[in-house]
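S.K.: One structure, as structure tokens, below. Some questions next.
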Amino acid sequence: MHVDIVSIFPEYFRPLELSLIGKARARGVLDVHLWDLRDFTHDPHRTVDDTPYGGGPGMVMRPEPWGETLDAVRAEAARLGVDAPLLIVPTPAGELLTQRAAERYAAEPWLAFACGRYEGIDERVLLDARRHMRVEEVSIGDYVLAGGEAATLVIVEAVARLLPGVVGNQASVLDDSHAQGLLEGPAYTKPAVWRGLEVPEVLLSGNHAAIARWRREQAIRRTAVRRPELLDALPPGSLTPHEEAL
Ligand code: 6GU
């Protein structure tokens with residue numbers, strides 16, 4: 001998968017050199033290309049923002065450098081024979097990121113991220129981009145960040161770990177919180193007793209069917225307490241009558 005990231009802080013993405021994503025890049029599973037928005041300015045001060053039309057606080061990102069950068073990203077995709085990338089614009093005004101969306105992004109050959117700062121990017125940049133590519137405005141939660149960079153790191157990590165061969169054990173990906181619309185239950189490892197606290201007996205039983213039943217029950221109980229709206233959103237018939245009663 002190709003990932004292009006446009007930002008005024010390319011250094012912000014150093015974490016993508018580490019761990020699982022760094023290894024995926026080294027193995028060629030993931031190709032990350034960072035673009036510095038200021039490289040597409042033409043004034044001595046490399047200005048990327050200006051005051052908002054209509055007044056109000058803060059600054060808005062100017063359309064010209066964005067237009068030129070996104071043209072260059074698209075030209076790069078065309079050069080490599082890929083259709084226009086899916087452009088993801090992280091913004092607190094976007095649709096909420098979900099595991100389903102991450103799965104959808106993981107099936108794309110090419111993603112581009114446009115990281116805004118200040119009060120956002122001139123709206124015409126998105127309107128113009130939509131003439132050439134699919135654009136999705138995405139929020140990672142109901143709180144406000146200073147810019148799209150941290151959100152882009154979150155989205156790239158959520159997507160990259162779904163790519164074949166990035167996570168060592170693909171079964172762990174299928175088991176994750178949210179993978180089946182439920183939160184994951186608790187996990188335990190050795191020793192069997194630690195500071196007087198025992199591992200639940202069923203996990204030591206070797207009875208795999210009983211362990212699977214117990215884990216699912218834990219997942220359902222935890223989801224009911226912490227995120228009841230997730231249970232309501234499960235497809236009808238997802239829970240057995242016994243599970244419904246938990
Ligand atoms: Cl995606 N961007 C910004 N700037 N703030 C956010 C966000 C994104 N998601 C939640 N808050």
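Coordinate-derived values only; no laboratory data. It should be emphasised that the depicted structure is a prediction, and the values quoted were computed from it without experimental measurement. All Cβ positions, even for glycine, are placed from backbone atoms using ideal geometry, and neighbour counts span all protein chains on display.
S.K.: Residues of the stretch 90-106 being within 9 Å of the chain's Cα centre (by Cα), assigned to a helix (DSSP H, G or I) and in contact (Cβ under 8 Å) with a residue 60 or more places away in the chain, which ones?
M.R.: Selection gives 99, 102.
S.K.: Checking residue 45 against (1) free of Cβ contacts under 8 Å to residues at least 12 places away in the same chain; (2) under 20 Å from residue 147 (Cα atoms), only one condition comes out false. Which one?
M.R.: Failed condition: (2).
S.K.: All but one of (1) away from the ligand (no atom under 16 Å from the Cβ); (2) without any contact (Cβ under 8 Å) to a residue 40 or more places away in the chain; (3) surrounded by 14 or more Cβ atoms within 10 Å (Cβ to Cβ) hold for residue 126; state the number of the condition that does not hold.
M.R.: Among (1) away from the ligand (no atom under 16 Å from the Cβ); (2) without any contact (Cβ under 8 Å) to a residue 40 or more places away in the chain; (3) surrounded by 14 or more Cβ atoms within 10 Å (Cβ to Cβ), residue 126 violates only (1).
S.K.: Mind checking which residues of the stretch 232-246 are without any contact (Cβ under 8 Å) to a residue 24 or more places away in the chain and assigned to a helix (DSSP H, G or I)?
M.R.: Of everything in the stretch 232-246, those that are without any contact (Cβ under 8 Å) to a residue 24 or more places away in the chain and assigned to a helix (DSSP H, G or I) turn out to be 232, 241, 242, 244.
S.K.: For the condition among the basic types (Lys, Arg), without any contact (Cβ under 8 Å) to a residue 60 or more places away in the chain, over 24 Å from residue 100 (Cα atoms) and surrounded by 10 or more Cβ atoms within 10 Å (Cβ to Cβ), what is the one hit in 227, 213?
M.R.: 213
S.K.: Now for a separate question. Has the stretch 2-25 got any residue that is of a type in the set (D, E, K, R) and under 16 Å from residue 165 (Cβ atoms)?
M.R.: The answer is yes; a qualifying residue exists.
S.K.: Could you check the stretch 129-172 and list, in sequence order, the residues that are hydrophobic (A, V, I, L, M, F, W, C), part of a strand (DSSP E or B) and within 11 Å of the ligand (Cβ to nearest atom)?
M.R.: 138
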